[in-house]
Amino acid sequence: MKGRIFSIEEFATFDGPGIRMTVFLKGCPLRCSWCHNPESQQMGVEYARSPNGCLGCGRCLQEAEITADGTKRLTAASVEACPRSLVRRCGEDLEVGELCDRILDNAAILRMNGGGVTFSGGEPLLQSDFLLACLAALQGRIHTAIQTCGYAEGEIFTKALEHCDYMLYDLKLMSPTLHRQFCRADNAKILQNYRTLAASGKPFVTRIPLIPGVTDTVENLSAIAAFVRAQGVSYVELLPYNRMAGSKYAGLLRPFSPGFDEDRPVELHTEIFEKYGIRAKKM
Ligand code: SF4
Ligand code: SF4
C-alpha cells in the first residue's frame, strides 16, 4: 500500500516530545485561510517553484498548464525546463515498508533523544489506511505521534488514536459559522473527536493557532478555554501567526488572500486560560 507524502523532516523539534522525524502526508479536508503549507492541501501531485536564485526567465511558465477552472499550474516539464533546478515536485508515493524502514533507520538516535516519528500533513487521517498500516508496522518499535486538525470520521479517529502513542491536536475556532468561513468545513467532528481524545487517557497536547482578529479574539479563546477545561485539560500551546505563511502560494502560482489583517498584532490572552485554571504556553 502506498501513501502520498510531500515532505519528510529528519530532525524536528516542534512536533512532539524530543527530537522527531516528521512525515508530512498530502491532502487536507480543511482549507484554513492562513495555511502556511498550501502544497499540503490537495491530494494530487503539484509542482512549486522557489524564488531564491530565480532568473525570471519564465521557462517554467512556458511549460505550465491551464486547468479546467482557468488557473495556471506548473508541470513535470517545468521541472525539466528550469535552468536553476528551482521547480520541485510536491507529492511522492511511498510504500508502507519503504517509509517505515526509513523511519526505523533513525529509530536509535530518535529514541536516544526522547523522540520518535510524527505523522503530520495536510491531515494525516485523510490517508487513514496508509497511516494505520504505518502505525501497525511501527508499534512498539518507535514512539509514534499524530499531528491532526481532528477532522475525521469518529471510527477512523478512534482507530488511529488506539494505535499511536501521542497526539498533537489543533483547535482553531469554536463558532461553527466562523469555522466554515475560515476553514471551509464544519467543526462538529473536530469537537467530538477532541472529546474522545480527552476521555481516552492517551497523552496529547492541544495547540491553538493565534490568527489576528480571527482565532485570537476574547470570544473564541474564552470558548476554547471553557471547552477544553470541561474535558479536564489543563495545558494548551498557543501558536502565534507566522507572517511568512503566505510565502509559498506564489511558488504554486496561487493567490494568497487570507481574509484578515496580517499586520494586526496577535493577542495572546493567557489571562483567559488562567481564569479557567489552564496553563497556556506561547510557542
Ligand atoms: S523558476 Fe527557473 S525557469 Fe522559472 S523563472 Fe525562475 S529560473 Fe526561470
Ligand atoms: S488544517 Fe492545517 S494543513 Fe489543513 S488547511 Fe488548515 S492549516 Fe493547512
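Under the shape rule built on the C-alpha gyration tensor, where the axes satisfy a ≥ b ≥ c, the chain is oblate, since a/c reaches at least 1.5 while a/b does not exceed b/c.
Cross-link reach is defined here as a Cα-Cα straight distance under 16 Å, omitting same-chain residues fewer than 8 places apart; for K159 the aspartates and glutamates meeting it are E123, D129. Farthest toward the positive end of the dipole of region 177-283, out of V233, S200, C183, is the Cα of S200, where the dipole comes from beta carbon charges about the Cα centre. Checking every one of the trypsin sites (Lys or Arg not before Pro) in region 229-269 against DSSP loop status and a limit of 12 other Cβ atoms within 10 Å picks out R243. In the chain, a dipole from Cβ-located charges (positive for Lys and Arg, negative for Asp and Glu) runs towards its positive end, and of L210, G18, L30 it is L210 whose Cα lies farthest in that direction. The magnitude of the dipole of the chain, with charges of +1 and -1 set on the Cβ of Lys/Arg and Asp/Glu and taken from the Cα centre, is near 260 debye. The dipole here belongs to region 46-90: it is taken about the Cα centre, uses +1 on the Cβ of Lys and Arg and -1 on the Cβ of Asp and Glu, and is about 200 debye. Among 49-57, 81-89, the peptide with the highest mean count of other Cβ atoms within 10 Å heads the list, and the full ranking is 81-89, 49-57.
Peptides 8-18, 58-68, ordered by how many other C-beta atoms sit within 10 Å of their residues on average, highest first, read 8-18, 58-68. Since only C82, G53, G70 are under comparison, the one whose Cα sits farthest along the positive direction of the charge dipole of region 46-90, derived from C-beta charges on Lys, Arg, Asp and Glu, is G53.
Computed about its Cα centre, the charge dipole of region 3-154 is approximately 420 debye, with only Lys, Arg, Asp and Glu carrying charge at their Cβ. Give me the net charge for the shell around V218: Cβ to Cβ below 15 angstrom, other residues only, Lys and Arg +1, Asp and Glu -1. With Lys, Arg at +1 and Asp, Glu at -1, the net is -3. Each peptide in 149-161, 93-105 receives the mean, over its residues, of other Cβ atoms within 10 Å, and ordering these scores from highest gives 149-161, 93-105. Roughly how many whole Å is it from the C-alpha centroid of region 3-82 to that of region 207-270? Rounded to whole Å, the Cα centres lie 22 Å apart.
Bear in mind these aren't lab numbers, they're just calculated from the coordinates by the rules spelled out. Just so you know, these numbers come straight off a predicted model, no measurement behind them. Positions of Cβ are backbone-derived with ideal geometry, glycine not excepted, and every protein chain shown enters the neighbour counts.
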